[in-house]
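Here is the structure we will look at.
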Amino acid sequence: MALGAGLLTTALLLAGCTSGGATTSTSGTAISQTQIDKAMKTPTTLTFWTWVPDIQNEVDLFEKAYPAIKVKVENVGQGAPHYTKIRTALKAGTGAPDVAQIEYQYISSFNVTKSLLDLTPYGAAKLKSEYVPWVWNQVVSDNQVLAIPQDSGPMGNLYRADILKAAGITTAPTTWEEYATDAAAVKSKTGSYMSNVAANQAGQWLGLLWQAGVKPFGYDGKKGVTVDVNSAKAKEVVSYWQKLIQADTVSVDPDFTDAWYQGLAKGKYAGWLTAAWGPIFLQGTAKDTSGLWAAAPLPQYSGA
């Protein structure tokens, strides 16, 4: 069973079509535009697993452009529950969606188990020019296009301006040194944690390492893989956060759980170091806090 990974594009959705008379290619042979056009006009129902808020709006636009295709949107969970259900369905050979949202860091693990359909025969490589190189390279392996990028998710600092104000802080910290000082003030005066750094959140930790110039993983494009998490700069990043954790000014709660959602909604966390999609996520998860959040760039290391 093959699984299309990514968001909605014509080539991707065609790759997900496994019924209703759609043409698929498993040999790498290019599918002609005539075949693609025919498939897009063939009555088909696709199942799409995603957790993106308001994604139905984009699905509606797609269905308007291709009325013969119906897309059933399902949210089966976020984070680990989502991936566990996908892997379980794939292993069982039944119940997997035609299309699924998969974060960049999980693509390789699905590729190892040969769970992703190569989108190259459907013309996906033509989309390369629409993305910056490092984003496109995330979805290509051995000249196979395994997914269609949705976004690049640059990180920033989302913070509760009202909580920081209650601690006597009127502007967001611009350096990590200021961040640590503000974190102590916030916890002392409001009881809130400056932020949450979940041990299970690989994406957040990698982002913090990358910002410091650390390259924990490397790949030479062939078979050479390097792992470097023991450099002086990597130790500096880990030491910084370890001190905040020991000072109890940042929490280490598992994220994307009910307790974590409540923490965002009720002010347990005065901030969230997250990607550009964070504000949209908060609109659904912490909608009662609308107007209380502000955004700022990630703090920088002194001298950066």
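For this structure, a couple of remarks:
- Residue within the range 57-70 that is under 25 Å from Thr257 (Cβ atoms), within 20 Å of the chain's Cα centre (by Cα), at pLDDT 90 or above and not aliphatic (A, V, I, L, M) present: no
- When the range 141-160 is filtered for residues that are crowded, with 17+ Cβ neighbours inside 10 Å and either among the aliphatic types (A, V, I, L, M) or without any contact (Cβ under 8 Å) to a residue 12 or more places away in the chain (or both), the ones remaining, listed by number, are Val145, Leu146, Ala147, Ile148, Met155, Leu158.
- When the helices (runs of 4 or more DSSP H) confined to the range 167-261 are screened for residues that are farther than 29 Å from Ala80 by Cα and among the aliphatic types (A, V, I, L, M), those reaching at least 3 such residues are found at 176-190.
- Of the residues examined, Ser192 is not one that is touching a residue at least 24 places away in the same chain (Cβ under 8 Å), in the same structural domain as Val52 (by TED's automatic domain parsing), surrounded by 15 or more Cβ atoms within 10 Å (Cβ to Cβ) and among the hydroxyl-bearing types (Ser, Thr, Tyr).
- Residue match in the range 289-301 (condition: of a type outside the set (Val, Ile, Thr), at pLDDT below 90, over 20 Å from Arg160 (Cα atoms) and touching a Leu at 6+ places or on another chain (Cβ under 6 Å)): no
- Pairs, first closer than 21 Å to Pro216 by Cβ in the range 234-260, second in a helix (DSSP H, G or I) and of a type in the set (S, T, N, Q), C-beta under 9 Å, six or more apart: Val237/Gln211; Asp255/Gln204
- Failed criterion for Thr45 (all others in (1) in contact with a Gly (Cβ under 8 Å, 6 or more places away or on another chain); (2) modelled with pLDDT under 95 hold): (2)
The values are calculated or read from the model by the stated rules, or taken from the named source; none is laboratory data. The shown structure was predicted, so the numbers you read here are calculated from the model rather than taken from an experiment. All Cβ positions, even for glycine, are placed from backbone atoms using ideal geometry, and neighbour counts span all protein chains on display.
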